[in-house]
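To keep things clear, I will list the structure first and then write my remarks on it.
What follows draws every value from the coordinates through simple rules; no lab data is involved. Quick caveat: nothing in here was measured; it's all calculated off a predicted structure. Cβ placement follows ideal geometry from the backbone for every residue including glycine, while neighbour counts extend to all protein chains displayed.
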Amino acid sequence: MASITSVPPSKWINLRGEVVAGLSVAAVGIPISIGYASVAHMPLATALYTMILPAIAYTVFGSSRHLVVSADSATAAILAAGLLGLAPAASTNYVALAGLVAGLTGLILLIARIFHLGFIANFLSRTLLAGFLVGVGISIAVQQLPNMLGVAGATGNPIAVLWGLAQHWNEVSVPTVVVSAACLVLLALGLRLKSLPVEFVVIVGGIAIASFIGLQQWHIQTIDHIQGGLPTLVLPSVPDGAWPHLLVTALSLVVVILAQSTSLARIYAAKYDEPFDSHHDLVGLGIANLASMASGAFVVNGSVTKTALSDRMGGRTKWAVVISAGVVAIALFTITGFLSRLPAAVLAAVVFWIALGMTHTSTLRALRQQRRDEWLISMATAVAVIALGVEVGVLVSIALCLLNHVRHGYHPKNKLVSFRDDGAQLMHPVSERTEAAPGLFIYRFQAGLYYANVEQLLDDVRSLSGPITPRCICIDFSAITDVDFTSGQVLLTMVDRAEKAGIHLAFTHVSDEVAGELRSSGLVESDLLEFGAHVHELLVRYAATPSPTPGVDLTVDTRDQVSTPQ
């Protein structure tokens, strides 16, 4: 179990850096987390609860010394989508249901640790995560527009919000728009000041102006009252038939938490050359969400913004999070009335700005230039999140990732190998029929061999057998890590056809595991088939020019591929 004092003996705690980092995380995290609470449709005070008990729980049980766990925009959006229609927003039962979802999320994370299921996060690649975050960012940004424009009649999903704004465009409040625009300008200018927490400055400035000048005369609304003190815990009333829906919401949250928190923790562990245990981290994240349920809050996740801020301000251990939690606890009992004076347009502008920062346009540009197929998948994920909702977007992300993986395995880019005079390998498309030596083809199949892609191997080998029959076709198994039953039977049939045609087949770079699978299929090592043949031996033995024999048809009927040849 990790503890808050688990610092390597060779490193001394920089107390000043930890204090500055803790104060900075609290100062900036409070208003930003309040924005995330509004995204989740939770009472604003619950945002402060996420920064106390859940954050400390992770420092005790988690693996990373740098990860700051609290409310997060992506998980807040998923939670809001999952609870939509089950209870009135911010109501007592809504809060109780949010706590229930946090508890389910925590339990699933702990179960994932027990059964070593942390690998699930790997199925949400950076490509898909970029598209997912684009969709979430745009959804959150659009949902802030009503408060930024002073229009009260536009709610729901992004499409419904835009439709509502179009219907109520004549209700736009010019003073509210001016306040929102001024905040966005200040936030944009703040990009040049890396060391200044500009979101904190904008929010404090908005509260100060609202307190001393007064904005009610211009009909600029303030946020809801923030109830200070300890939370009130109640048991949730789950509507009939809602349990499967809540479970799907929790599973969606787990996937995003695994992908974001694990990747973020790994980045900082690599940055400081520190150990990181992803399985251990599942325990910390699971207990943090259980602590969130116990403290009347909602689901928590590794926060990109707060983690980066803590690191930038000198936080290098878990003490920065402990100090931040202490400051937030004090604020909860002292300044909630002051925070309640914050204009809703200011908070909406800050959340809008943070949401736009989630879109990672640089990643999308790089994807479009380097891998257009992955860019299309990323954009499809973003569209699914915006049009179908965050929960469906998570499932679409995983499905697209798996389909893309299957597509690469189904249609690998196989090559023919030749050699330069100095022995260096050259790769050629199969269509070029480039010989490694006269009469010898070296064919590299670049994926695991299974029932869906074995047809391509057959087609490629058949194309190499004509118009002039080669003396030897060497199949390089260096990239083949598995041969399923169907493929083994097809290879057996192909070897039989090749033997009758007078073509020598050699299998090179066959691993012990794959060799065992080939033997189980009935393939045996003989003068015809050599599991351990070396390429240079083949070059010596089969470098003679073949006789001009007409090409031989090695076609195998894959409908009979599970039958042993007679």
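Distance between the modelled labels on E432 and I330, one decimal in nanometres: 7.0 nm (7 Å Cα→Cβ projection). Phi angles of the range 477-489 translate, via the Karplus equation with coefficients 6.51, -1.76, 1.60 and θ = phi - 60°, into HN-Hα couplings of 9, 4, 9, 8, 9, 7, 10, 7, 4, 4, 5, x, 5 Hz per residue; Gly and Pro are given as x.
The angle separating the long axis of helix 361-370 from the principal Cα axis of greatest extent in the chain is about 10 degrees. Note on M313, M427, M148, M42: ascending count of other Cβ atoms within 10 Å places them as M427, M313, M148, M42, the fewest first.
What residues from the range 455-480 fall in the zone where the backbone N is under 19 Å from a label point 7 Å along the Cα-to-C-beta line of D373? Of the residues in the range 455-480, 455-460, 479-480 have backbone N under 19 Å from the label point off D373. Distant-in-sequence amide contacts of V300, defined by a placed amide H-H separation under 5 Å and a gap of 5 or more residues or a different chain, comprise nothing.
Sorted fewest first by neighbouring Cβ atoms within 10 angstrom, F477, F115, F333, F441 come out as F115, F333, F477, F441.
Which ³J(HN,Hα) values in Hz, rounded to whole numbers, follow from the phi angles of the range 508-520 under the Karplus curve 6.51 cos²θ - 1.76 cosθ + 1.60, where θ = phi - 60° and Gly and Pro get x? Calculated HN-Hα couplings, in order: 10, 6, 8, 6, 4, 5, 5, 4, x, 5, 5, 5, 5 Hz. Between the amide H of C474 and those of F441, I442, Y443, A506, distances stay under 5 Å, these residues lying 5 or more places away or on another chain, with hydrogens modeled in the peptide plane. Taking a point 7 Å out from the Cα of Q227 in the direction of its Cβ, the residues of the range 31-55 whose backbone N falls within less than 11 Å of it are 43-46.
Distance between the modelled labels on H534 and L107, one decimal in nanometres: 6.1 nm (7 Å Cα→Cβ projection). Ranked by the mean number of other Cβ atoms within 10 Å of their residues, highest first, the peptides 442-450, 232-240, 254-262 come out as 254-262, 442-450, 232-240. With a Förster radius of 22 Å applied to the beta-carbon distance between D459 and R519, the computed FRET efficiency rounds to 0.30. Between K413 and V238, the contour length at 0.36 nm per residue exceeds the Cα-Cα span by 57.8 nm. Amide hydrogen proximity for T222: with H placed 1.01 Å from N in the peptide plane, the residues at 5 or more positions away or on another chain lying under 5 Å are A344.
Here each label is just a point 7 Å from Cα along the line to Cβ, and for S478 and L388 those points are 4.0 nm apart. For the range 272-287, the Karplus equation 6.51 cos²θ - 1.76 cosθ + 1.60, evaluated at θ = phi - 60°, returns couplings of 10, 6, 10, x, 9, 10, 5, 5, 4, 5, 4, 5, x, 5, x, 5 Hz by residue, with Gly and Pro reported as x. The length gained on full extension between I468 and V172, counted as 0.36 nm times the residue separation minus their Cα-Cα distance, comes to 98.8 nm. The C-alpha atoms of the chain define a longest principal axis, and helix 126-149 lies at about 20 degrees to it. Listed from fewest to most Cβ neighbours within 10 Å, the set K318, K271 follows the order K271, K318.
Using 0.36 nm per residue and subtracting the Cα-Cα separation, the extra length available between F115 and D512 on full extension is 140.1 nm.
Mind checking the angle between helix 158-167 and the chain's longest principal axis? C-alpha axes, 0 to 90 degrees, to the nearest 10. Compared with the principal axis, the helix lies near 50 degrees. Using a cutoff of 8 angstrom between alpha carbon atoms and counting only pairs six or more residues apart, the relative contact order for the chain works out to 22 percent. Quick check for you: which residues of the range 396-439 have the amide N under 18 Å from the point 7 Å beyond the Cα of A380 toward its beta carbon? Correct set: 396-412.
Percent of Cα-Cα pairs more than 34 Å apart in the chain, please. Value for the chain (Cα pairs over 34 Å): 51 percent. For T92 and V406, a Förster radius of 41 Å and the Cβ-Cβ distance give a FRET efficiency of 0.30, rounded to the nearest 0.05.
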